[in-house]
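Visitor: The structure's right below; bear with me while I get my questions together.
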Amino acid sequence: MAAEDATCLAAYRRGDAEALGRLVDKYRRPLFAFLSRFAAHPGEADEWFQETWVRAIQHMNLFRQKNLPGWLFRIAHNLIVDHARRRKPDCSLDAPLPDGTATLADMVPADRPTPAAETAGRDLGRLIAAAAANLPVEQREVFWLRMDAGLSFREIARVQRCSINTALARMQYALGKLRAALGPAYRELQDLRP
Amino acid sequence: MNQTHVERWLLLEQTGELSARQRRQLAAALAASSVARRGRAELCGLAAAIPPVTAQPAADAVPRIAARLRARQKPSLTFPPAWKPALAAVAALALLVGLRVFRYQPGGYGGSAVAAVAEEEDWTDPLEAEFAELENLISGFDSDEPFGITEL
């Protein structure tokens with residue numbers, strides 16, 4: 001954990017309410033952006049955001065990692081997975097196949113963005129976001145943890161409690177589906193410069 | 001190195017998770033394959049193309065988090081942190097005073113023990129007489145000697 005984070009946490013425990021504000025503000029953007037990608041509406045993202053912080057501070061004694069953002073994203077991941085399970089269909093596309101290498105969803109071509117999404121967002125970025133919304137939860141998580149939150153694959157693997165190879169494979173599946181969903185538009189990406 | 005392998009290394013290159021040796025191998029693979037170069041350009045473009053999330057958490061998110069934390073805190077944790085050392089100091093002081101009083105008690109520990117033994121000797125059990133009578137009665141049953149009905 002960064003020394004600054006540890007100082008803020010210690011100050012909050014001593015009763016300094018502003019220390020919590022400083023800490024929340026520091027990780028507000030990446031955490032809220034990540035949660036927003038999975039929430040049905042801003043109110044839900046806001047609820048998850050608050051719950052993530054409450055759980056993080058409540059269970060700080062159990063925290064073994066030295067990386068606060070990793071710990072926050074791990075809790076956010078749990079919230080998202082719990083939520084996804086509650087509305088899980090009878091036959092899950094996320095269930096692993098008997099050989100354990102992939103899921104049923106990996107074998108099914110990703111949906112193209114809906115016509116509404118295409119007309120609403122003509123630019124490539126919105127098309128990518130719309131196509132990513134159709135990815136299975138695990139792949140979507142890896143994709144946004146990498147692209148939005150900027151986590152390394154080692155950190156993503158820690159968040160998802162999987163091997164780094166599994167995290168990489170999920171990202172590859174996600175990119176493959178985006179490529180298939182966006183078609184020629186995906187190839188335009190090579191003309192963009194960061 | 002096959003395409004899947006190159007793709008993985010391109011992903012790891014973006015996050016700086018490749019070793020120097022792996023970076024050299026990847027550079028060689030990129031020099032040899034136009035597909036790899038296109039894949040790398042697409043990955044770089046992907047990061048640039050994604051629009052950032054503009055939504056923000058509620059303005060009162062921090063007070064709400066603090067309120068939730070207060071509501072879920074265990075009663076034992078509701079003591080302000082300054083109370084704990086104060087409580088420990090009071091307990092230590094009470095222990096010291098107790099030890100001091102005990103040490104300077106007239107007669108000390110040994111004297112108290114002797115007094116307790118003497119007191120025990122003086123004490124007579126009020127049930128002892130009744131137990132003795134009952135014992136005599138039972139031994140009377142066991143013996144062959146006849147006894148009157150009044151004895152029962």
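Bear in mind that the values in this text are calculations on the coordinates, not laboratory data. Not measured: the values here are computed from a predicted model. All Cβ positions, glycine included, derive from the backbone under ideal geometry; neighbour counts span all protein chains shown.
Visitor: Please work out which residue is surrounded by the fewest Cβ atoms within 10 Å (Cβ to Cβ), limiting yourself to the stretch A:1-11 and to residues that are more than 24 Å from the chain's Cα centre (by Cα) and among the aliphatic types (A, V, I, L, M).
Guide: A:Ala3
Visitor: Kindly indicate whether B:Ala47 is more than 10 Å from chain A (Cβ to nearest Cβ) and either under 20 Å from A:Thr166 (Cβ atoms) or touching a residue at least 24 places away in the same chain (Cβ under 8 Å) (or both).
Guide: Against the criterion (more than 10 Å from chain A (Cβ to nearest Cβ) and either under 20 Å from A:Thr166 (Cβ atoms) or touching a residue at least 24 places away in the same chain (Cβ under 8 Å) (or both)), B:Ala47 does not qualify.
Visitor: Moving on. For the stretch B:14-23, how many residues meet the condition of being more than 11 Å from chain A (Cβ to nearest Cβ) and of a type in the set (D, E, K, R)? Give the derivation first.
Guide: Within the stretch B:14-23, the subset more than 11 Å from chain A (Cβ to nearest Cβ) is B:19-23.
Subsequent filtering for residues that are of a type in the set (D, E, K, R) retains B:21, B:23.
Residues that pass the stated criteria total 2.
Visitor: Out of all the residues in the stretch A:157-172, which are in contact with a Leu (Cβ under 8 Å, 6 or more places away or on another chain) and within 24 Å of B:Asn2 (Cα to Cα)?
Guide: A:Leu168, A:Met171, A:Gln172
Visitor: Right, another one. Across the stretch A:133-149, which residue is nearest to B:Thr15 (Cα to Cα) among those that are in a helix (DSSP H, G or I) and in contact (Cβ under 8 Å) with a residue 60 or more places away in the chain? It would help to see each step written out before you state the result.
Guide: Restricting attention to the stretch A:133-149, the residues satisfying the condition of being in a helix (DSSP H, G or I) are A:137-147.
Those still in the list that are in contact (Cβ under 8 Å) with a residue 60 or more places away in the chain too: A:137, A:140-141, A:144-145.
Numbers: A:Val137: 22, A:Arg140: 18, A:Glu141: 16, A:Trp144: 14, A:Leu145: 12 Å.
Among those that are in a helix (DSSP H, G or I) and in contact (Cβ under 8 Å) with a residue 60 or more places away in the chain, it is A:Leu145.
Visitor: Another one. How many residues does the stretch A:150-194 contain that are among the basic types (Lys, Arg), outside any helix (DSSP H, G or I), more than 9 Å from every other protein chain (Cβ to nearest Cβ) and over 14 Å from the mean Cα position of the chain (by Cα)?
Guide: Going through the stretch A:150-194 one residue at a time, the tally reaches 0.
Visitor: Name the single residue, out of those in the stretch A:12-60 being more than 7 Å from chain B (Cβ to nearest Cβ), within 19 Å of B:Arg70 (Cβ to Cβ) and not in a helix (DSSP H, G or I), that is nearest to the chain's Cα centre (by Cα).
Guide: Here the residue is A:His59.
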